[in-house]
1. With respect to A:LEU189, determine if the residue is within 16 Å of ligand 1 (Cβ to nearest atom) and either away from chain B (no Cβ under 12 Å) or out of contact with any strand residue (DSSP E or B) (no Cβ under 8 Å at 6 or more places or on another chain) (or both).
2. When residues of the stretch B:491-536 are filtered for being open to solvent by 50 Å² or more (accessible area, probe 1.4 Å), part of a loop (DSSP other than H, G, I, E, B) and more than 24 Å from B:GLU367 (Cβ to Cβ), how many remain?
3. Output the number of the condition that B:TYR478 fails; it satisfies all remaining conditions of (1) open to solvent by 20 Å² or more (accessible area, probe 1.4 Å); (2) not in a helix (DSSP H, G or I).
4. Could you grab me the full set of residues in the stretch B:154-187 that are touching an Asp or Glu at 6+ places or on another chain (Cβ under 8 Å) and facing chain A (nearest Cβ under 8 Å)?
5. Against the condition closer than 21 Å to B:THR624 by Cβ, assigned to a helix (DSSP H, G or I) and among the aromatic types (Phe, Trp, Tyr), how does B:TRP127 come out, does it pass?
6. Being under 23 Å from B:PHE592 (Cα atoms) and open to solvent by less than 10 Å² (accessible area, probe 1.4 Å), is that true of even one residue in the stretch B:55-65?
7. Would you confirm whether any residue within the stretch B:348-366 is at the interface with another protein chain (Cβ under 8 Å from one of its Cβ atoms), in contact with a strand residue (DSSP E or B) (Cβ under 6 Å, 6 or more places away or on another chain) and not acidic (Asp, Glu)?
Amino acid sequence: MYGTGLAKGLLLTLRHFVESYMDDLRYGFRKYHHSTDNFGIRQGTKTKGVITVQYPDEKVAVPERFRFVPFLIVEDEDHPTRAGKDWCTSCGICAKVCPPQCIWIVRGNDPVTGRPVPEPEAFFIDIDICMNCGYCAEYCPFDAIKMDHDYELASYDRTSHHIHDKERLSKPNSYWRSIAPTRAYDEMLVRGTWEHKDAAKEARRGASSARARSSQPAAQAPAATVTAAAPAAEATPESSAAAAPSSAAESPTPWSEDEAKREERRRKALERKARRAAKQG
Amino acid sequence: MENLAAAPEQPIETASIDDAVSFLKSNHPDAIKLDDRDGYEGVIVDPDQLLDVARVIRDELGFDYLSSATAVDYLGEGDHMEMVYHAYRTSGGGALVFKAQTDRENPTIPSLTGLWRGADFQEREAWDLYGIRFPGHPNLKRILMWEGFHGHPMRKDWREAYYEEELKPFDSRWPGGHVHRSEEKNVFGKNVSYPTDIDLNRLMDSSETAVYESLGLGVDVERIMDKDGFETNELVVNMGPHHPSTHGVFRMLLTVDGETVTSLEPVMGYLHRNHEKIGERNTYLHNIPFTDRLDYISSMGNNHGYVLAVEQLMSLGRKYNPPTYRCEALRVMMVELSRIVNHLWAIGFWLNDIGAFFTPVLYFIQERERILDFFEAVAGSRMMCNYMRFGGLFGDLPERIKSVANLTNDRVRDYNTMQFLTEMINERIPRTIDELELLLTQNEIVLERSVDVGVLSAEDAINYSAAGPLLRGSGVAYDIRRADPYSIYPELDFDVAVEEEGDMYARYRVRVTELRESVRILRQILPRLEATKDESIWADGKPGAYQPRVPHGEAYGRVENGKGELGYYLVSAGGRGGSSNPWRYHVRAPSFINLTPLGRMSQGYKVADIVGILGSIDIVLGETDR
Ligand code: SF4
Ligand code: SF4
């Protein structure tokens, strides 16, 4: 009969309408309340009716692999020897694989010898040009650049705010571990340590030079810190692996840091770096 | 020829490609030369006899479908221009590749539009971007650039506004790293040179007249008597470029007699960014995320076509491992999920176009959201997936689809991946398709708006190089997954959707059937994924190099994407070791070529139908304009 198709369609619309209320009753309107469980119901595979997320009051959590503008990893502040040090060795691979060529790196040079050192002097990413492809993170051999989850980067002036420098890009290793626990864990297994690849090497080298120096009478090497670092750096994958889940479970603290704290961290890192440079010079 | 003599019962229109080539060679001995360049295929035809040879290829050899026609500039590699044609049989099988060469100074090649109307837009593109003239073309005007544009941008010696270096990676990025913003170095307005005979203040006028003229009229209106003897005026109407029904910045120039459309000319290029030029500056790897931005509704499919083309080239080299089975299964799964996304989107927005504003499309989008959630968890992004790599993938499936809480997000989800997939494929998607059919298939309004509207006959569909649901809706059962199979499709069990009528409703039906067939494929993929759990996604067990050297040669990789045949024509030039940047990177975009028959399909229908007809073709401007 003419009109039955139409009527069936309208019934379907009606069903959707009714079902959303049935669903509300089933969960006692719980699914609208803010909590992880309730949100799981609303966004789950069984839900009927409204699944809308009220952005920006509510935000969908992004999965681990989610990629937005990259950031650079620096060593955690509480690291005994390398606190605040860049993981990046300025090898330049990320700048080469970057499709729109929005990474600029100034390779660090030793002020005395003039030879390149494995640390970038400056690092810029033009986030207007970055296409969030994730290649830099994928091909970095030192796990030093990672894709961030922070997608709210709006600013008032694109000409002055959208080229991120090293300061702006740097975030501690612990941040990466908090936004991508399983990936950070897998990478740790490959590297063999929670720290930068070089940490173990450095610790060994530091230990041997400390030994060399302590054979001389006027040794004033900071041997204490080196020996403290060595066990941590040389921890076997197994032992770190055992430690990893528990530490992750103990501190599921979401990354949160206000601007002041961030500034403080930056300042401290810079000071440390200056001290280190002074010592070396 | 010996083969043919030995097997006389084998008619020449079904003979193998090799036999076809030798048939051509015996027919036109002085016009045909085998293309013996390293890694190249097909024949080189003398341009003077191109039309004859093409006619034989189409009529006697049965290659009735001209898939792609594109130009290559061999500056410094022989210093000639070349048109490359890929012709296929709609009965299935591989391509007969034929080429015509001409000099760079005054490049001229006869137009094939008389044989294949599908060459129309593609030749216009070659004129626009390469400056090749096609005598015999009915309407040889620029198509992507504007009429007053200076130069032909795809030529190797043409340099774009923010030109920095011939090839990426650029030297200035590392280790010197002097950051700058291109706009500061190259201020807008100072980076272009206009031809001297262009009056910038009257730019619109001079470039637009040609468009109006192509419709067979000047800007003046004509006086027409209708059948009752009333005097009516034929009116020119511009729909777009900013019009909600054109799915982006796209313009249709109609002449209407009352409500009836008498002719239609698509005008495009508003979103043109010279994707191919960018692609030729890029390295092979750089291009994968750029392909995401073509048909941004189904980026997985775009990735697939491109990696297939590059893998074809790489297989010419000595060291090449084909992708593992798990990798192929994952690719097919992703591509079929994107097909579902694409068709849900296409049907939904087509309904918007014919007036069912947003209720149906929102039902479909709910399902699309799940699929995008899945893409996001696996590939890292909902739409710009950038998931496939040469010989592998970005990553295997994660154990769990899990989100993490952090500063900006406080709503967490956590599912087992395989369980999520199983639920989605076995329950959610079929349920959505059922609802879709309940809502639409027998709906009287849909039927009245779409049956017998926008009819395209099978002969026309083939001749206009239509592809995808547009072709199959006209009764041509041509699906590349079956006709020229790739990946693991040969072992999968599914049917090619086809409808005879050639109207909007037939295209809708084809899409619905394809949705169901995709689900059928996905159901077969699930056990394959379970079975290959422990297999690596990388042929060599480890990720590929970031700057692969690709051997010398050419390749045409094509896939059946949601919108139709998506092809990538690649040329790798450079020394014996191959090169890391493509010499030629061409995209055969289904959305672009499917617009060729739009004018034909629209004639005689009402203005309100035009919107639906365009919607039923299913275009996306990211791909049309490239
Ligand atoms: S690839 Fe990694 S280590 Fe190398 S320059 Fe980039 S961030 Fe630094
Ligand atoms: S995400 Fe891609 S575009 Fe962005 S900086 Fe990294 S490589 Fe470049």
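The values are calculated or read from the model by the stated rules, or taken from the named source; none is laboratory data. Keep in mind the model is a prediction, meaning the values are calculated, not measured. Every residue, glycine among them, receives a Cβ derived from its backbone with ideal geometry; neighbour counts consider all protein chains shown. Keep in mind that these areas ignore ligands, DNA and RNA; they rest on the heavy atoms of the full protein, side chains included. Shrake-Rupley method; radii C 1.70, N 1.55, O 1.52, S 1.80 Å.
1. no
2. 6
3. The one condition B:TYR478 does not meet is (1).
4. Passing the criteria: B:PHE170, B:SER172, B:VAL179, B:ARG181.
5. Yes.
6. Checking the stretch B:55-65: at least one residue is under 23 Å from B:PHE592 (Cα atoms) and open to solvent by less than 10 Å² (accessible area, probe 1.4 Å).
7. No - not one qualifying residue is present in the stretch B:348-366.
A quick yes/no check of all residues on (1) closer than 22 Å to B:GLU336 by Cβ; (2) touching an Asp or Glu at 6+ places or on another chain (Cβ under 9 Å); (3) in the same structural domain as B:GLY39 (by TED's automatic domain parsing):
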{"position": "B:GLN547", "(1), (2), (3)": "no, no, no"}
{"position": "B:GLY564", "(1), (2), (3)": "yes, yes, no"}
{"position": "B:PRO590", "(1), (2), (3)": "yes, yes, no"}
{"position": "B:GLY612", "(1), (2), (3)": "no, yes, no"}
